[in-house]
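Colleague: I'd like to ask you about the structure that follows.
Computed from the coordinates by the stated procedures, all read-outs in this text should not be read as laboratory data. Everything quoted here is computed from the prediction, not taken from an experiment. Ideal geometry is used to build each Cβ from the backbone, glycine not excepted, and the neighbour counts take in all protein chains shown.
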Amino acid sequence: AQTVTQSQPEMSVQEAETVTLSCTYDTSESDYYLFWYKQPPSRQMILVIRQEAYKQQNATENRFSVNFQKAAKSFSLKISDSQLGDAAMYFCAYRSGNAGGTSYGKLTFGQGTILTVHP
Amino acid sequence: GAVVSQHPSWVICKSGTSVKIECRSLDFQATTMFWYRQFPKQSLMLMATSNEGSKATYEQGVEKDKFLINHASLTLSTLTVTSAHPEDSSFYICSALHAMNTEAFFGQGTRLTVV
């Protein structure tokens, strides 16, 4: 079974600064996807960024970028120029790329990291 | 973008009663929907996978007789919490797997309080 670990229960950053959230995972599969989701106080899950395991290039979405180290099974999220609106709980998630099986598409989440942004 | 609507957003019910939560994909077909449970400041735990036209697949430890899941159409899955008790109070979130691009989209969640 796949596991996802976020070792930072809480992180804080000053507005306009950069912060990195850590995530490691364990899998025996070669085809998979990794995600970072943001959950603000409204509790709506918002997709921040997605990485396909077969892609060597790290995904970027505006101020958000990842450092995907496949051999080390590490998938960290870097938030640049942090804004007050970035304050939320962030979840790293894994999804198998195997199209077979009744649970195709299910996400395995890490424990989450609460990010506080100080003005 | 694809929209998933979950209803109700919050519900309070008396102990012993049943509560139904709906998850609808508004602008796409979803052959698979997922139901998660989340306690405050904790992660999302998968409860079950709902496939259209077939029985749901429950995760280990989830009581299938307490959490009834029905996925009768490509746009609607329902979770019924039967004979609810205070310990069932939680935040329930659904996600729908887009049949075309296999992306998963989340509903806004339902806060259930059993008194």
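Colleague: Run the simple label-point estimate for residue A:80 and residue B:39 please: 7 Å along Cα→C-beta, distance reported in nm.
Modeller: 4.0 nm
Colleague: How high is the relative contact order of chain A? Use alpha-carbon pairs under 8 Å, at least six apart in sequence, and give a whole percent.
Modeller: In percent, rounded to a whole number, it is 37.
Colleague: Scale the Cα Rg of chain B by the rule-of-thumb value 2.2 N^0.38 Å and send over the ratio, two decimals. Each step should come with its number before you reach the end.
Modeller: Working: Rg = 13.3 Å, N = 115, 2.2 N^0.38 = 13.4 Å.
Ratio of Cα Rg to 2.2 N^0.38 Å: 0.99.
Colleague: Could you go through the range B:25-42 in sequence order and give the Karplus-derived ³J(HN,Hα) for each residue, using 6.51 cos²θ - 1.76 cosθ + 1.60 with θ = phi - 60°, rounded to whole Hz, and x for Gly and Pro?
Modeller: Calculated HN-Hα couplings, in order: 8, 7, 9, 7, 8, 10, 6, 10, 10, 10, 10, 10, 10, 9, 8, x, 6, 10 Hz.
Colleague: Over all directions, what mean area does the Cα convex hull of chain A project, stated in square nanometres?
Modeller: One quarter of the hull surface, i.e. the mean projection, equals 7.3 nm².
Colleague: For the range A:1-109, build the charge dipole from Cβ charges (+1 Lys, Arg; -1 Asp, Glu) around the Cα centre, then report which of A:77, A:97, A:16 sits farthest towards its positive end.
Modeller: The listed residue farthest towards the positive side: A:97.
Colleague: Once Rh for the range B:35-83 is found with the Kirkwood sum over Cα pairs, what is the Stokes-Einstein diffusion coefficient at 10 °C and 1.306 mPa s, in µm²/s?
Modeller: Estimated diffusion coefficient is 139 µm²/s.
Colleague: For chain B, the longest stretch holding no trypsin sites (Lys or Arg not before Pro) located in a DSSP loop with at most 14 other Cβ atoms within 10 Å is which? Present the calculation step by step, with values, prior to reporting the outcome.
Modeller: On the way: sites that count: B:14, B:41, B:55, B:64, B:66.
Here the longest segment lacking exposed loop sites spans B:67-115.
Colleague: A further question on this structure: Hey, what does the equivalent ellipsoid look like for the protein assembly as shown, semi-axes from the Cα gyration tensor as sqrt of 5 times each eigenvalue, largest first, whole Å? Don't skip to the answer; put the middle values down first.
Modeller: Working: eigenvalues 178, 91, 48 Å².
Whole-Å semi-axes of the equivalent ellipsoid: 30, 21, 16.
Colleague: Report the per residue volume, in Å³, of the convex hull enclosing the C-alpha atoms of the range A:36-103.
Modeller: With only Cα atoms used, the range A:36-103 gives 105 Å³ per residue.
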